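What follows is a set of notes on a single structure, which appears directly below.
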């Protein structure tokens, strides 16, 4: 029996997504929180109301920074709450609010699809709110920032310039980390897709290999069945015919034993040839030809009438094996199920395609004429891939076909098996 490979052996699986370590995020959150608290208390003493709100903004930003990977949805919500508190309270912008950039990155990189879209929509919405804040409350701060960075008063007398530049600045500042996170997210998904595709390809290759091995097993089982079944049927017929020989007819007995030995030797050669691995199915050969099968059945004591119409043609190895095995199984069935003493008719027609027809008379005794004590049990159904099914599969594999008919005639029930083998020139 050919050993089948384990379908799960050696299969490449996509790497499991491990959760990131918690302590770097916790350290980042603590650092941002401490920095924000220091910034809030530096601007105003703790007993002033504004510093308390600044500390709350710092706490919100710090917790959001610590959750940007593990809970990006909560981090986005905290950023919105902190920024909303800052806008409602009229507090000046704080450096700790730059933590929103990391939250924007984490939402695009680690968030679900819903968080991804919400964070993406938050960028233009947040930019619009920032414009309103700059126009209404933060114009002085924005003017000071322009003077310090560019040496130009951006707000003095030019409110439209203030609004435009402020909106562009906020939009770009929030968009860059979000786009970076989205890019890394797409790259990771592409990598996972490639690994999954490679895994599926490997699984498909293994499935094809298993199917090929199973097909080889079925072919091997069918060949062994045909060879052994035919040889045993011939040997059994020869052994049974020896029972009817006269006790003093030593010559006939020796001839029968010699025929049995020849049949057994030929069968052994066929089995060895079947079990010998070949590089290609076309390299398989058969012992003898179609006529040798007919002669073997005749030697077993059965009467076989053989006729051939048309000009025989050499067949390529694969068709020769099919024709040989099919005729072998036809003759085996005729010996097993045919009425002893009735001739077996074999016809071969070489007309466009090789048509092989085997006809024999079968036992037609009804159960009413046979005592219950001597009735034989019904024959077991042939296993898939053997018998008639095996012949049909052989023929269909090369473009041929099989027809099986049973006819009731005055002389008895006739069983006729006809096979058509396509003719192709031997290369």
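When residue 70 is tested against the conditions (1) buried (at least 20 other Cβ atoms within 10 Å of the Cβ); (2) not in a helix (DSSP H, G or I), the lone failure is (1).
Restricting region 229-243 to residues that are part of a helix (DSSP H, G or I) and out of contact with any helix residue (DSSP H, G or I) (no Cβ under 7 Å at 6 or more places or on another chain) leaves a set whose member that is modelled with the lowest pLDDT is 240. If only residues of region 293-315 that are more than 12 Å from residue 237 (Cβ to Cβ) and in contact with a helix residue (DSSP H, G or I) (Cβ under 6 Å, 6 or more places away or on another chain) are counted, the one that is surrounded by the most Cβ atoms within 10 Å (Cβ to Cβ) is 293.
Residue by residue, here is whether (1) touching a residue at least 40 places away in the same chain (Cβ under 8 Å); (2) farther than 20 Å from residue 57 by Cα; (3) assigned by TED's automatic domain parsing to the domain that holds residue 26; (4) part of a helix (DSSP H, G or I) holds:
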{"position": "87", "(1), (2), (3), (4)": "yes, no, yes, yes"}
{"position": "92", "(1), (2), (3), (4)": "yes, no, yes, no"}
{"position": "96", "(1), (2), (3), (4)": "yes, no, yes, yes"}
{"position": "109", "(1), (2), (3), (4)": "yes, yes, yes, yes"}
{"position": "120", "(1), (2), (3), (4)": "yes, yes, yes, yes"}
{"position": "125", "(1), (2), (3), (4)": "no, no, yes, yes"}
{"position": "129", "(1), (2), (3), (4)": "yes, no, yes, yes"}
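Within region 251-290, the set of residues being closer than 13 Å to residue 317 by Cα and either under 35 Å from the mean Cα position of the chain (by Cα) or modelled with pLDDT under 75 (or both) comprises 278, 280, 281, 282, 283, 284, 285, 286, 287, 288. Is there a residue in region 415-425 that is within 30 Å of residue 341 (Cα to Cα) and either modelled with pLDDT under 85 or loosely packed, with under 14 Cβ neighbours inside 10 Å (or both)? For region 415-425, residues within 30 Å of residue 341 (Cα to Cα) and either modelled with pLDDT under 85 or loosely packed, with under 14 Cβ neighbours inside 10 Å (or both): absent. Within region 328-347, the set of residues being in contact with a strand residue (DSSP E or B) (Cβ under 6 Å, 6 or more places away or on another chain), within 13 Å of residue 237 (Cβ to Cβ) and in a helix (DSSP H, G or I) comprises 334, 337. Scanning region 348-369 turns up no residue that is closer than 16 Å to residue 414 by Cβ, part of a loop (DSSP other than H, G, I, E, B) and either modelled with pLDDT of 85 or more or within 45 Å of the chain's Cα centre (by Cα) (or both).
The values are calculated or read from the model by the stated rules, or taken from the named source; none is laboratory data. The model shown is predicted, which means the values in this text are computed figures rather than measured ones. Positions of Cβ are backbone-derived with ideal geometry, glycine not excepted, and every protein chain shown enters the neighbour counts.
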